[in-house]
Structures are given as C-alpha cells and as structure tokens.
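A short reminder: the numbers here are calculations on the coordinates, not readings from a lab. Just so we're clear, the structure is a prediction, and the values are computed from it rather than from any experiment. Here the Cβ positions follow ideal geometry from the backbone for every residue, glycine too, while neighbour counts run over all protein chains shown.
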Amino acid sequence: MVNLQNVFFDYGEGETLKNISCRIDKGEFVAIVGANGAGKTTLCKLLNGLLKPSSGSVVINSMDTRTTKTSALAKSIGFLFQNPDRQICKNTVREEILFGLELAFKDKGLIEERLKNTLSTFGFQGDSNPFNLSRGERQRLALASLIAVEPEILILDEPTTGFDYMEAMKTMGTIKELNDKGATVIMICHDMEVVLDFAERVLVLAEGTIIADGQTREIFRKEEALEQASVLPPQLVQLALRLGEGFEDVFSVDEMASAIINRMNKERTFEHERFSGLCTG
C-alpha cells in the first residue's frame, strides 16, 4: 500500500531525509517517533504528495506521488496537520465536516448520516464557530472531518496535541476503530504512552534516517536506538528495564504486577530452600 524506495529529500539547506526505504501494508497502525527536526513531518508530507522526493520513489496504492496529482492522492489519504488552523476553512462545525463528505460522496442520505454520527461521536454542536473553539477542540474537529470520510490511509501529525488524558484516549479509541475496519494509520506522536497503547509498529527517525523499524514492544527495548533518537520509552517500560531479569516482557500494569508476584514467589522459594538446607545441615 505504501512503499518508499531510497527516498532523499532536500529543502535546499542540506538533506532532510536520507535514503529512506520502508513498506507499510494495508491495515497497519504505525507510529513515527524521533526528536524535533528528525524529519517526521517531512516524511508524512511525502506520503500524501504535498512534497515530492528529491530522488527515490514514493508509491501509494500503486500511484507514484511524483507523477500523481495531490488531489487524486487525497481521495484515499486523509492528512491531519499538527496545527489545525491550517486545515479548518469553514464558518461552522457542520460545514467543516460536510466539506470533506461532499467531496468524497454523492449520496445525500449517506452524507447526512455520517455528519450526524460524527457530531455525536465527537460531541460537537453543528452551529458552533470553529474559531471560537479551544486549540484542542479545533484539533478534534480537524480529525473528525477526516474520520467522517473514513479514508483508506490516515496520516496524523501529533493527533493528541492539546488534549488531556481522557480526550486523548477517546480520540485514539476512535482512530483505532477506523484501523480495526481496515484503514492504515500512520501517526507521528511524541507521547510514548499513546504509542505503546495503540501502535503495532514503530519507525524511529534520527537525523533524517530510519534507525529502527519493528514491532512496538521490540522497539521500546532498543535503548541505544531510542537514545540516539532522543526518545524515552514509556515510564513503565523504563522501570522494567531497570528491574532487569524477569521483567523483559513487561509493557502493562497487569504484566508488571504478574512479574512482581513471580519474583516474590521465587525469592520465597529460595529462602525456603535455604532455610531447609540450614536445618538439614
């Protein structure tokens, strides 16, 4: 579905991306992580045709982004900008959501149904002025407008910026539901807790290069690569790494509790055997 081969990109001030090659298949949920300036946003803009590679190829659904119009790519790709004010263009919430729906569909009944469901899911009042909403609410509106269309590929640049914990979990839950229906999700995210909870695969970028690519749990064990990318694993994983033996596969509270119980049982067994040995001796 998404295939990058030997991709380089240069803004004219030195290469931002260097020899990027990777493949993302239909239905994957992929997080892109790395420090500011690593090239994450540039990579995502290459994926929807807003930028063209300096060399190499970016192919989306068999369409080469170098030769395919951005409008044609947009029919199957939804892109959430980090700043929602670059995306919102209508005077009411209802009109903003309708804008994408009317471009994607002709069936008025389907459009009205999706509009109603989207307003309900995200808790918006249709007549509200988008620019009177808080920054976090505007981010949710921009995302809601994309999700209403249910694109094949959803590219998200920091989707939970400005959200509190409950807002972030509700929003990510909605994104995961779309992923469960078959949509491919590619997400830039600075919140490693969110990455651990939702992403199945992680690409780690440092200085314009992919330095690690693998399943989420595997990546969060690669301390050297994460340090190179200035990324800290989730707090629970950091604790597990410090605890060492017996905690290698701990990535959740339940797994941590189980590992602690196992260690306590082993220590009890050891003390019991030691005490029995002393008594026997």
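Given their separation in residues at 0.36 nm each and the Cα-Cα distance between them, Asn91 and Gln125 gain 11.0 nm when the chain is fully extended.
Computed over the chain, the per-residue total of -39500 (n - 2.57) for DSSP H runs of n ≥ 4 gives a 222 nm mean residue ellipticity of -13500 deg cm²/dmol, rounded to 500. Applying a DSSP loop filter and a limit of 14 other Cβ atoms within 10 Å to the GluC sites (Glu not before Pro) in the stretch 204-252 leaves Glu245, Glu248. With 31 Å as the limit on Cα-Cα distance, the pairs of Lys18/Lys90; Lys45/Lys181; Lys45/Lys170 that go past it are Lys18/Lys90.
Once you have a ≥ b ≥ c as the square roots of the Cα gyration tensor eigenvalues for the stretch 95-156, tell me rounded if a/c is under 1.5, and otherwise prolate or oblate according to whether a/b is larger than b/c. Oblate, since a/c reaches 1.5 and b/c is not below a/b. Ignoring solvent entirely, what values of log10 I(q)/I(0) come out of the Debye formula for the stretch 119-213 at 0.16, 0.22, 0.24, 0.25 Å⁻¹ when each Cα is a single scatterer? Computed log10 I(q)/I(0) values: -0.71, -1.21, -1.38, -1.45. Label-to-label distance for Glu200 and Ala35 is 3.2 nm, based on points extended 7 Å past Cα in the beta-carbon direction.
Legend: calculated FRET efficiency, Gln238 to Asp107, from the Cβ-Cβ distance at R0 = 51 Å, rounded to 0.05, equals 0.55. Amide H to amide H distances under 5 Å link Gly78 with Ile153, Leu154, Ile155, where only residues 5 or more positions off or on other chains count and H is placed in the peptide plane. Rounded to the nearest Hz, the phi-derived 3J(HN,Hα) couplings of the stretch 184-201 under the Karplus curve 6.51 cos²θ - 1.76 cosθ + 1.60 (θ = phi - 60°) are 8, 10, 10, 10, 7, 8, 9, 8, 5, 5, 5, 4, 5, 6, 10, 7, 8, 9, where x marks glycine and proline. Of interest is the spacing of the C-alpha centroids, which for the stretch 183-262 and the stretch 2-79 amounts to 24 Å.
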